[in-house]
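Engineer: Next up is a structure, given as structure tokens.
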Amino acid sequence: MRGAVLYAPGEIRVEDRPDPVIAEPTDAIIRLSATCVCGSDLWPYRGVEKVDGPAPMGHEYVGVVEEIGDRVTTVRPGQFVVGSFFASDNTCEICRAGYQSSCVRREPMGAIGTQAQLARVPLADGTLVATPEPPPADLVPSLLAASDVLATGWFGAVAAEAGPGKTVAVVGDGAVGLLAVLAAGQLGAERIIAMSRHAPRQELARHFGATDIVTERGEEGVAQVKDMTGGLGAHSVIEAVGTQESMMQAIRSTRPGGHVGYVGVAHGVELPGQELFFSHVHLHGGPAPVRRFLPELIGLICDRVIDPGRVFDLTLPLERAAEGYEAMDERRAVKVLLRP
């Protein structure tokens with residue numbers, strides 16, 4: 001099969017890789033219908049995260065089951081499925097509490113690499129969710145979004161306790177931040193402030209339900225949110241970047257007693273203890289438990305209630321994956337869909 005491999009910072013190659021095989025009786029093999037480049041893929045691509053030797057890339061995926069192990073019972077060959085970036089058994093105590101991304105048996109799909117034609121999915125019963133029927137082609141991008149960025153934005157909104165009567169601010173206008181706007185709206189937020197400097201992303205944020213746009217960032221952005229909320233700050237703030245500046249902007253934009261949902265992969269983030277102590281701000285987040293939300297999100301997508309696939313503004317064949325990485329790195333694309 002063909003698959004994307006990172007050899008060094010800025011060097012993505014699409015090359016022949018071994019076809020996956022059933023390694024455990026709980027595995028499934030899927031043929032990917034679509035995959036994509038994630039913002040978190042840019043950390044190793046930029047050299048911020050070190051990669052030891054050639055590394056397969058990709059952790060977002062939808063496709064059709066081709067083969068299952070002897071102990072797989074919940075999916076079968078021929079079904080269209082959506083999976084998470086962490087494989088999970090969905091039966092351990094942590095999974096049952098709704099945190100499948102911390103499953104005691106979790107396996108990262110990024111180590112397998114789903115920017116490819118085929119993928120082995122461990123713990124298939126606990127990881128994969130089948131759609132009610134094979135989806136029409138126009139729904140595939142939205143279902144792909146559910147495998148990570150939609151579910152991650154949704155978790156950020158849930159962790160921030162977005163809901164009726166709340167003012168929600170979203171720090172970050174990448175795919176996760178934009179879909180956090182969508183999630184906040186679906187959860188009933190009264191006012192949604194998208195923090196963005198880029199006109200096309202602002203337009204998409206408004207499509208997803210943003211009521212206000214703040215172009216300032218850092219302390220100026222905080223001041224704008226405070227000014228818009230009577231000096232108090234937002235009830236709920238979703239941090240969708242993962243830098244020191246974005247985390248502090250999120251915390252400082254939140255009113256006392258409010259909630260920050262942080263879902264940006266943290267790099268170099270250190271929290272000042274005394275400021276946090278006196279802020280009275282709740283913090284919750286981490287890797288999204290995608291599997292918790294998949295049944296609901298698949299239902300909303302298949303019923304055409306939401307259209308998260310609009311975050312994909314560039315579609316390329318898998319063979320041109322390197323171009324997709326360049327486009328996202330240079331912020332010429334919000335999110336790149338790859339067709340195997």
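The values are calculated or read from the model by the stated rules, or taken from the named source; none is laboratory data. Predicted, not measured: the structure shown is a model, and the values here were computed from it. Don't worry about glycine lacking a Cβ; one is built from the backbone with ideal geometry, like all the others, and counts go over all protein chains shown. What goes into the accessible areas is simple: the full protein's heavy atoms, side chains included, and nothing from ligands, DNA or RNA. Shrake-Rupley method; radii C 1.70, N 1.55, O 1.52, S 1.80 Å.
Engineer: Pairs, please: C-beta under 7 Å, at least 6 apart or cross-chain, first residue among the charged types (D, E, K, R) and in the range 80-97, second not in a loop (DSSP other than H, G, I, E, B)?
Structural biologist: If the second residue must be not in a loop (DSSP other than H, G, I, E, B), the pairs left are D89/C95; D89/G126.
Engineer: Part of a loop (DSSP other than H, G, I, E, B) and either within 20 Å of the chain's Cα centre (by Cα) or modelled with pLDDT of 95 or more (or both): does that describe H284?
Structural biologist: Numbers: part of a loop (DSSP other than H, G, I, E, B): no; either within 20 Å of the chain's Cα centre (by Cα) or modelled with pLDDT of 95 or more (or both): yes.
Criteria not met by H284.
Engineer: For A157, only one of the following conditions fails: (1) of a type outside the set (S, T, N, Q); (2) under 13 Å from Y61 (Cα atoms); (3) open to solvent by less than 30 Å² (accessible area, probe 1.4 Å). What is its number?
Structural biologist: Of the numbered conditions (1) of a type outside the set (S, T, N, Q); (2) under 13 Å from Y61 (Cα atoms); (3) open to solvent by less than 30 Å² (accessible area, probe 1.4 Å), the odd one out for A157 is (2).
Engineer: Restricting to the range 278-291, and then to whatever is surrounded by fewer than 24 Cβ atoms within 10 Å (Cβ to Cβ) and in contact with a Gly (Cβ under 8 Å, 6 or more places away or on another chain), can you tell me which residue is farthest from S101 (Cα to Cα)?
Structural biologist: Just the residues of the range 278-291 that are surrounded by fewer than 24 Cβ atoms within 10 Å (Cβ to Cβ), to begin with: 278-287.
Filter again for in contact with a Gly (Cβ under 8 Å, 6 or more places away or on another chain), leaving 280-282, 284-285.
Numbers: H280: 27, V281: 24, H282: 21, H284: 14, G285: 11 Å.
Here the residue is H280.
Engineer: Shifting gears a bit: Are there any pairs, at least 6 apart or on different chains, whose C-beta atoms fall under 7 Å, with the first in the range 173-194 and farther than 22 Å from R332 by Cβ and the second open to solvent by less than 20 Å² (accessible area, probe 1.4 Å) and among the aromatic types (F, W, Y), and if so, which?
Structural biologist: Final answer for the pair search is L182/F208; A183/W154; G185/F208.
Engineer: Please go through (1) within 30 Å of C92 (Cα to Cα); (2) over 17 Å from the mean Cα position of the chain (by Cα); (3) crowded, with 21+ Cβ neighbours inside 10 Å for G299 and return the number of the only condition it doesn't satisfy.
Structural biologist: (3)
Engineer: Give the residue, chosen from V158, V168, that is touching a Leu at 6+ places or on another chain (Cβ under 8 Å) and either in a loop (DSSP other than H, G, I, E, B) or within 15 Å of H259 (Cα to Cα) (or both). Spell out the reasoning first.
Structural biologist: Values: V168 fails: touching a Leu at 6+ places or on another chain (Cβ under 8 Å).
Unique residue meeting the criteria: V158.
Engineer: Going through G309, G268, G264 one at a time, which residue ends up being under 27 Å from V104 (Cβ atoms) and touching a helix residue (DSSP H, G or I) at 6+ places or on another chain (Cβ under 8 Å)?
Structural biologist: Values: G309 fails: under 27 Å from V104 (Cβ atoms); G268 fails: under 27 Å from V104 (Cβ atoms).
That would be G264, the only listed residue that is under 27 Å from V104 (Cβ atoms) and touching a helix residue (DSSP H, G or I) at 6+ places or on another chain (Cβ under 8 Å).
Engineer: Quick one: would you say R331 is under 16 Å from the mean Cα position of the chain (by Cα), in contact (Cβ under 8 Å) with a residue 24 or more places away in the chain and either within 30 Å of R13 (Cβ to Cβ) or surrounded by 15 or more Cβ atoms within 10 Å (Cβ to Cβ) (or both)? Let's see the steps before the verdict.
Structural biologist: Numbers: under 16 Å from the mean Cα position of the chain (by Cα): no; in contact (Cβ under 8 Å) with a residue 24 or more places away in the chain: yes; either within 30 Å of R13 (Cβ to Cβ) or surrounded by 15 or more Cβ atoms within 10 Å (Cβ to Cβ) (or both): yes.
Spelling it out, it is not the case that R331 is under 16 Å from the mean Cα position of the chain (by Cα), in contact (Cβ under 8 Å) with a residue 24 or more places away in the chain and either within 30 Å of R13 (Cβ to Cβ) or surrounded by 15 or more Cβ atoms within 10 Å (Cβ to Cβ) (or both).
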